[in-house]
Amino acid sequence: MDEFTYITTPIYYVNDEPHLGHAYTTVLADVLARFARLRGTPTFFLTGTDEHGQKVERSAREHGITPQEQADATVVRFQETWQRLHIRHDDFIRTTEARHIRVVESALQALWDKGEIYAGSYEGWYCVPDERYWTAKDVADGLCPDCGRPVERLSEKNYFFRMSAHQDWLVAYVEAHPDFIRPESRRNEVLGFLRQPLGDLCISRPAERLSWGIRLPFDPDYVTYVWFDALLNYVTAALGPQAVLPEGISDWGGGLLRSDARFATLWPRCVHLIGKDILTTHAVYWPTMLHALGLPQPRMIFAHGWWNVEGIKMSKSLGNVVRPLDLANVYGVDAFRYFLMREMTPGRDASFTPDLIEARYRSDLANDLGNLLSRLVAMTGRYCEGRIPAPATETDAERALRAQVEGISEPVFEAIERLAVNDALGIVMDLVGATNRYLEATAPWTRAKAGETGRVHTILYTGAEALRVASVLLSPVLPERMAVLQRSLGCEPRDPRRADLVLGLLTPGTAVVPGEPLFPKDVTA
Ligand code: MSP
């Protein structure tokens with residue numbers, strides 16, 4: 001399959017601290033990329049940071065440093081968090097990098113040359129101390145919703161992208177490509193939005209007011225609107241580490257597709273993972289920008305739901321922001337990843353509560369998965385001198401478990417193709433549960449007492465194999481813990497691959513390695 005060869009997350013604002021929501025999107029992308037690698041699909045996984053704009057400029061001023069220094073100081077929060085959370089991205093893009101600035105300038109120039117960008121006048125309600133515009137709806141009482149001070153009517157020259165000219169094309173495109181915007185509810189939301197006439201998009205800010213941005217190549221008194229800059233990151237990274245653009249390229253789209261084989265391969269297979277908060281920018285602004293540039297569309301835009309905290313929106317002002325590393329420090333990184341993936345139904349909102357992660361940790365991980373491993377390793381120690389036994393004759397009980405193991409990959413991969421990682425995990429955890437029940441039903445401890453050695457060997461081998469296969473399918477979510485599990489069962493851990501999903505790979509005679517519990521019970525929040 002070539003479903004998920006290029007996977008992106010939104011690029012996060014550097015002025016913020018990574019929180020549960022950022023961690024969710026990034027772990028989801030990492031899990032999908034790891035599943036793709038498991039299946040043998042070449043994968044390119046991109047994340048990064050959005051570093052221009054007013055907030056960074058302002059906080060730099062407050063700290064008495066340059067905006068670049070401010071961005072350099074804060075980008076590490078994201079990089080360190082991703083490293084801790086076992087995120088294995090192929091590229092980390094920062095919008096202040098030279099490779100990206102070149103791409104944005106080139107795109108602006110190409111659109112200007114084509115007449116897709118024009119100079120016009122922008123009118124709106126402006127808050128002078130906050131240096132920002134508000135819409136009439138925001139300032140119904142004449143006051144700035146942020147600082148409460150009076151706003152004033154202002155009109156100024158700016159540059160506009162002819163977004164309205166692409167509206168009919170976009171509607172037809174979305175209608176003809178049912179999988180372009182997913183899930184269905186978000187697609188309907190976009191189609192609903194597109195029933196109103198689409199305006200043109202103001203894509204500049206006067207540099208005298210906001211200098212921390214990319215200058216318009218055709219008018220250096222202006223910088224680019226931050227979203228115009230940010231969205232293009234996905235193209236920059238697809239162009240490779242140097243992002244080389246052909247000299248004086250006018251046919252930006254067709255030209256790139258012809259001149260850059262890497263880009264031509266990656267771009268049409270791109271899947272953008274986003275939160276529902278940034279649907280319009282990705283599903284309306286971005287496709288029209290690409291279309292104006294003459295580029296094809298990415299394969300899919302997938303908007304996931306919102307993580308709330310105890311049913312309430314997470315926000316700094318409410319003081320309920322959940323920090324990913326706080327949870328990872330208590331439950332372990334992999335358990336935290338498991339929780340995020342298991343608890344969120346794609347397309348819906350999820351609510352974080354401390355009880356929920358505690359319950360998932362105890363029931364799914366410590367009890368079902370962790371106990372299965374310790375029972376198997378302990379019994380192999382007791383009844384088989386600590387070595388993987390050679391199986392003897394199978395009975396119906398083994399055949400039933402084997403059938404479940406053999407049939408598991410298809411539905412798991414099918415769920416992953418729907419981006420339903422929660423369903424995929426449910427299927428694998430059913431196998432873990434079935435393996436526990438198999439041990440209960442076949443009771444090797446009773447057989448051992450009765451001296452039925454062959455039977456004990458068959459049961460322990462079959463149980464260990466079922467757990468090993470489950471661990472391969474869990475490894476995209478729990479990469480570090482599943483490597484430990486596999487080592488305990490006597491297999492050399494390696495990056496999981498499809499071939500590991502067949503039964504019978506454990507070699508009889510290999511020593512099992514007893515160790516600490518995989519998910520210790522004495523965690524304290
Ligand atoms: N910089 C823009 C994105 C530009 S992409 C070309 C931005 N950045 S952000 O730092 O605000 O991060 C937005 C993303 O973080 C959301 O789209 C979503 O992926 C994630 N989340 C932020 N809060 C969230 C929740 N409470 N719940 C789930 N995810 C949310 O917007």
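The values are calculated or read from the model by the stated rules, or taken from the named source; none is laboratory data. The model shown is predicted, which means the values in this text are computed figures rather than measured ones. Glycine also receives a Cβ, built like all others from the backbone with ideal geometry; neighbour counts cover every protein chain displayed. In case anyone asks, the SASA skips ligands and DNA or RNA and just uses the protein heavy atoms, side chains included. Shrake-Rupley method; radii C 1.70, N 1.55, O 1.52, S 1.80 Å.
Counting only heavy atoms of protein chains, what accessible area per residue, in Å², does the chain have with a probe of 1.4 Å?
42
Given Cα pairs under 8 Å that are at least 6 residues apart, what percent is the relative contact order of the chain?
Once normalised by length, the contact order is 15 percent.
What order do you get for 181-191, 150-160 when each peptide is scored by the mean count of other beta carbon atoms within 10 Å, highest first?
Going by the mean number of other Cβ atoms within 10 Å, highest first, we get 181-191, 150-160.
Under the rule of at least 5 residues apart or a separate chain, name every residue whose amide H is placed under 5 Å from the amide H of Asn308.
It is Ala350, Ser351, Phe352, by chain and number.
For the chain, compute Rh as the Kirkwood radius over C-alpha pairs and then the Stokes-Einstein diffusion coefficient at 25 °C and 0.890 mPa s; write the answer in µm²/s, rounded to an integer.
The calculation lands on 96 µm²/s.
Please report the carbon-and-sulfur percent of the accessible area for the chain; probe 1.4 Å, protein heavy atoms only, DNA, RNA and ligands left out.
51
Please enumerate, by chain and number, the lysines with C-alpha under 17 Å from the C-alpha of Lys55, excluding those fewer than 8 residues away in the same chain.
Partners within reach: Lys316.
Name the long-range amide H neighbours of Arg387: under 5 Å, sequence gap of 5 or more, or other chain; modelled H, no Pro or chain starts.
Result for Arg387 returns Val512.
What are the ³J(HN,Hα) values, in whole Hz, obtained from phi via the Karplus relation 6.51 cos²θ - 1.76 cosθ + 1.60 with θ = phi - 60°, for each residue of the range 418-428 in sequence order, with x given for Gly and Pro?
Per residue, the Karplus-derived 3J(HN,Hα) values read 7, 6, 8, 4, 4, 5, 4, 5, x, 5, 5 Hz.
For Ile312 paired with Ser164, estimate the spin-label separation in nm (one decimal), with each label point 7 Å from Cα along the Cα-to-Cβ line.
Reported label-point gap for Ile312 and Ser164 is 4.3 nm.
With the cut-off at 1.5 for a/c, could you classify the range 6-304 from its C-alpha gyration tensor as rounded, prolate or oblate?
Rounded.
Quote to one decimal, in nm, the extra length available between Ala450 and Thr281 on full extension: 0.36 nm per residue of separation minus the C-alpha distance between them.
54.0 nm
Taking θ as phi - 60°, what are the ³J(HN,Hα) couplings along the range 128-144 by the Karplus curve (6.51, -1.76, 1.60), each to the nearest whole Hz, with x for Gly and Pro?
Each residue of the range 128-144 in turn: 5, x, 7, 6, 8, 8, 10, 7, 4, 4, 5, 10, 3, 8, x, 10, 5 Hz.
Taking R0 as 51 Å, what's the FRET efficiency between Ala378 and Lys55 from their Cβ-Cβ distance, rounded to 0.05?
On the way: r = 55 Å, r/R0 = 1.08.
Efficiency, from the Cβ-Cβ distance: 0.40.
Only residues of the range 162-197 count here: report those whose backbone N is under 12 Å from the spot 7 Å along Cα→Cβ of Lys137, or say none.
Backbone N within reach: 193.
Using only the alpha-carbon atoms, how far is helix 67-84 inclined from the longest principal axis of the chain? Give it as 0 to 90 degrees, nearest 10.
Helix 67-84 sits roughly 20 degrees off the main axis of the chain.
Sticking with the crude label model, points 7 Å out along Cα→Cβ, report the distance from Glu17 to Asp91 in nm, one decimal please.
Using points 7 Å along Cα→Cβ, the separation is 3.1 nm.
How would the range 354-501 be classified by its alpha-carbon gyration tensor: rounded, prolate or oblate, with rounded meaning a/c under 1.5 and the a/b versus b/c comparison settling the rest? The partial results should precede the final answer.
On the way: a/c = 1.74, a/b = 1.58, b/c = 1.10.
Prolate.
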